[in-house]
Amino acid sequence: MMNTQYQHTPQEPIGSGFGHGTTAAQVLEGTDLSGCDAIVTGGYSGLGLETVRALAGAGVRVTVPARRPDHARDVLAAAGLGSVDVQAMDLGDLGSVGDFARAYLESGRGLDILINNAAIMACPETRVGPGWEAQFATNHLGHFTLVNQLWPVLSDGGARVVALSSTGHKISGIHFDDLQFTSGYDKWQAYGQAKTANSLFAVELDKRGLDHGVRAFAVHPGGIMTELQRHLPREEMVAAGWMDEAGTVREGFKSPEQGAATSVWAATSQRLDGMGGVYCEDCDIARTTDPSSPLARFAGVDAHAVDPDNAARLWDVSAELTGVNALGQTPWPGTRSLFG
């Protein structure tokens, strides 16, 4: 039964002692997490790779689900992380997500940390599954399915779930009247919706998971140049002010090591014990956006991305679309299980 006494953690900084320039290794310096298990989606490139490096360096046994598992193994081995377990999974294929989750449950491993790191950004119009818009399907619905399918092991040990959002959430709320952009595709509106969905997912998961000791956090990692930008021509990034015409990235962007820090902090910090359902940035809980601030586009979380009513509505819609709802009070009529 869902906790009816749920109290939202205040959306305000707690003074973590870390900041914009902190790296993931610095967050975990002196920390021994031996015996812990983690899954990091997209954990073989960019900030995902640095997230895995930091966790593994602290003794965590890490599993990386990957759409291209052989490539992921090669990358991790080249990074000195050959001991990381890699398994096949495609977030855009819910059957593949179900296969991964079933195999993980059957492996007997526990699960203390799940970091939903993988994402696509501003891609050309692409349809997956039953015609779903790819950014919403991959960034949100795939991870929604993964969490629900892994629920027995997540809830068994009171895990932390980290959902990577971004300031992209400021571009758009949820298009409940046209989630799949069937009436006109805009790559940035679609990306903004997906990043808002990631934040709202953490809000509602934290509420539904509290009775089981599961806490969830949304994270903005910061501006980082990684493979996430692979769909963007340089001209567009120059026009956006991300880099100059020579390709020099503007001041303020983070390195992948710094970009991984907030995910790692949200997943492991004892300062967050008893908290959850909040959006974090720069290794702390973020403030709600001040619309009058000149930094409103770049800092803080917009109210629509942490709104509990939006979060509950998105959860129900996602459960109906995917047919999975391990944390629902009652199943949707006619829903299906990916486990058959």
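Quick notes on this structure:
- If the condition is being farther than 23 Å from THR23 by Cα, assigned to a loop (DSSP other than H, G, I, E, B) and touching a residue at least 60 places away in the same chain (Cβ under 8 Å), then the range 278-293 contributes only THR289.
- Here the helices (runs of 4 or more DSSP H) wholly within the range 130-215 that include at least 3 residues being under 29 Å from ALA299 (Cβ atoms) are 142-149, 187-209.
- Within the range 75-91, the set of residues being surrounded by 16 or more Cβ atoms within 10 Å (Cβ to Cβ) and either touching a Phe, Trp or Tyr at 6+ places or on another chain (Cβ under 7 Å) or among the hydrophobic types (A, V, I, L, M, F, W, C) (or both) comprises VAL75, LEU76, LEU81, VAL84, VAL86, GLN87, MET89, LEU91.
- Count - residues of the range 102-111 that are free of Cβ contacts under 8 Å to residues at least 60 places away in the same chain and either within 19 Å of ASP70 (Cβ to Cβ) or of a type outside the set (Asp, Glu) (or both): 4
- Considering each residue of the range 294-305 in turn, none proves to be in a helix (DSSP H, G or I), modelled with pLDDT of 90 or more and closer than 26 Å to LEU105 by Cα.
- The combined condition, being under 19 Å from the mean Cα position of the chain (by Cα) and either assigned to a loop (DSSP other than H, G, I, E, B) or not β-branched (Val, Ile, Thr) (or both), is fulfilled by TYR44.
- Residue among GLY252, GLY274, GLY222, GLY247 that is farther than 28 Å from LEU55 by Cα, assigned to a loop (DSSP other than H, G, I, E, B) and either at pLDDT below 55 or not aromatic (Phe, Trp, Tyr) (or both): GLY247
- Residue list for the range 92-129, restricted to those being part of a loop (DSSP other than H, G, I, E, B), of a type in the set (A, V, I, L, M, F, W, C) and surrounded by fewer than 18 Cβ atoms within 10 Å (Cβ to Cβ): CYS123
- Any hit, the range 127-134, residues being touching a strand residue (DSSP E or B) at 6+ places or on another chain (Cβ under 6 Å), among the β-branched types (Val, Ile, Thr) and either touching a residue at least 12 places away in the same chain (Cβ under 8 Å) or more than 15 Å from ILE39 (Cα to Cα) (or both): no
The values are calculated or read from the model by the stated rules, or taken from the named source; none is laboratory data. Quick caveat, the model's predicted, so the values are computed rather than measured. Please note: Cβ atoms are built from the backbone with ideal geometry, for glycine as well, and neighbour counts cover all protein chains shown.
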